[in-house]
Amino acid sequence: MADVFKDKVVWITGGGSGIGAALAREFGVQGARVVVSGRRMEPLEEVVAALESDGAEAIALGCDVTRVGDIESTVTAIAERFGGLDVAVANAGFSVGGRLEALNASEWRRQFDTNVTGAAMTLRYALPHLYASKGRAVVMGSVAGTLGIPGNAAYCASKFAVRGMAQALSAELAGSGVSCTLLQPGFVHSDINRVDNQNQVHEEWEDRRPAQLMWPADKAAREMLKAIASRKREAVITGHGKVATFLAYHTPGLTQTVLAKAGERLRPKHHHEE
């Protein structure tokens, strides 16, 4: 990746924690000028302070991706500060947990407003600048966009939708000089399991995902940067994620049987249990 991202302007939504913060650090190491955005300024400012202490140029901007006005003003602020945009990472997202029969319509709408519409609008408003720079659009998907995991119907549906959106965007961008990379991580250390169905953070909540499969966020971020640098169309991150997606593609019946038998044990959320 030597010099691929040096002096490039990179915008990461949901950049205050987890994968977003790890991506910001890795882009900073590569010499990029980094913009992190999100709803909570304190963690964003902590990420910026860490980047600046390592010699990187970085800024934090408040942005709720469910508000189109926030996205527009953020893109405008980035263009005014840096003169353009080279990489836009639509990373902001959260997980609504619970069995389909337990979820109401507002929870489904909230899930799609952030994970799907928020990602789409992030890239929509970034694209004029990416066309100018022949840049890179990046979408944060998930292995859950290939597997229908019991107790996570809304989250899986949103990530299946994100996957379709990224594939369509890749085709739309053909010949433009702009690439679209869909990242599909498995279990990675983040705050996603400390966020409730109302998209509120609970720092005291335990992450119930299988610790033996969990990847550190910095390790995942390094693999993601390689995929973005190479302009890959899709990249599955984590070894267990690659195995799971391979089985889902090639042995769907067996995969469905295993998921059905595992049932609620695969549901790592606190939601509807409190």
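Looking at the structure I just gave you, is Asn193 in a helix (DSSP H, G or I), at pLDDT below 60 and touching a Lys or Arg at 6+ places or on another chain (Cβ under 7 Å)?
yes
Can you say whether Ala137 is touching a Cys at 6+ places or on another chain (Cβ under 7 Å) and either under 25 Å from Ala217 (Cβ atoms) or part of a loop (DSSP other than H, G, I, E, B) (or both), as far as the supplied structure shows? Outline the logic, then answer.
Values: touching a Cys at 6+ places or on another chain (Cβ under 7 Å): yes; either under 25 Å from Ala217 (Cβ atoms) or part of a loop (DSSP other than H, G, I, E, B) (or both): yes.
Yes.
Residues are listed down the side, and each one gets a yes or a no for (1) buried (at least 18 other Cβ atoms within 10 Å of the Cβ); (2) not in a loop (DSSP other than H, G, I, E, B):
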site: Leu147; (1), (2): yes, no
site: Cys156; (1), (2): yes, yes
site: Lys159; (1), (2): yes, yes
site: Met165; (1), (2): yes, yes
site: Ala171; (1), (2): no, yes
site: Ser176; (1), (2): no, no
site: Cys180; (1), (2): yes, yes
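Can we say Gly98 is more than 17 Å from the chain's Cα centre (by Cα) and either under 22 Å from Ile19 (Cβ atoms) or of a type in the set (Gly, Ala, Ser) (or both)?
Spelling it out, Gly98 is indeed more than 17 Å from the chain's Cα centre (by Cα) and either under 22 Å from Ile19 (Cβ atoms) or of a type in the set (Gly, Ala, Ser) (or both).
What number goes with the only condition from (1) free of Cβ contacts under 8 Å to residues at least 60 places away in the same chain; (2) closer than 30 Å to Ala260 by Cα; (3) within 16 Å of the chain's Cα centre (by Cα) that Ala105 does not pass?
(3)
Does at least one position in segment 119-140 carry a residue that is crowded, with 17+ Cβ neighbours inside 10 Å, of a type in the set (Phe, Trp, Tyr) and modelled with pLDDT under 95?
no
Tally up the residues in segment 39-79 that are in contact (Cβ under 8 Å) with a residue 60 or more places away in the chain and basic (Lys, Arg), please.
The total comes to 1.
Go through segment 217-238 and give me each residue that's in a helix (DSSP H, G or I) and free of Cβ contacts under 8 Å to residues at least 24 places away in the same chain.
Lys219, Glu223
Checking Ala144 against (1) in contact (Cβ under 8 Å) with a residue 40 or more places away in the chain; (2) under 19 Å from Gln111 (Cα atoms), which test does it fail?
Going through (1) in contact (Cβ under 8 Å) with a residue 40 or more places away in the chain; (2) under 19 Å from Gln111 (Cα atoms) one by one, Ala144 breaks only (1).
For Glu234, which of the numbered conditions (1) of a type in the set (D, E, K, R); (2) within 16 Å of Thr146 (Cβ to Cβ); (3) modelled with pLDDT under 90 fails to hold?
It fails just one condition, (3).
Which residue pairs have Cβ atoms closer than 7 Å, lie 6 or more positions apart in sequence or on different chains, and pair a first residue in segment 80-97 that is without any contact (Cβ under 8 Å) to a residue 60 or more places away in the chain with a second residue that is surrounded by fewer than 24 Cβ atoms within 10 Å (Cβ to Cβ)?
Short answer, once both residue conditions are applied: Arg81/Ile59.
The values are calculated or read from the model by the stated rules, or taken from the named source; none is laboratory data. This structure is a prediction, so every number in the text was calculated from the model and none was measured. No Cβ is skipped: glycine too gets one built from the backbone with ideal geometry, and neighbour counts run over all protein chains shown.
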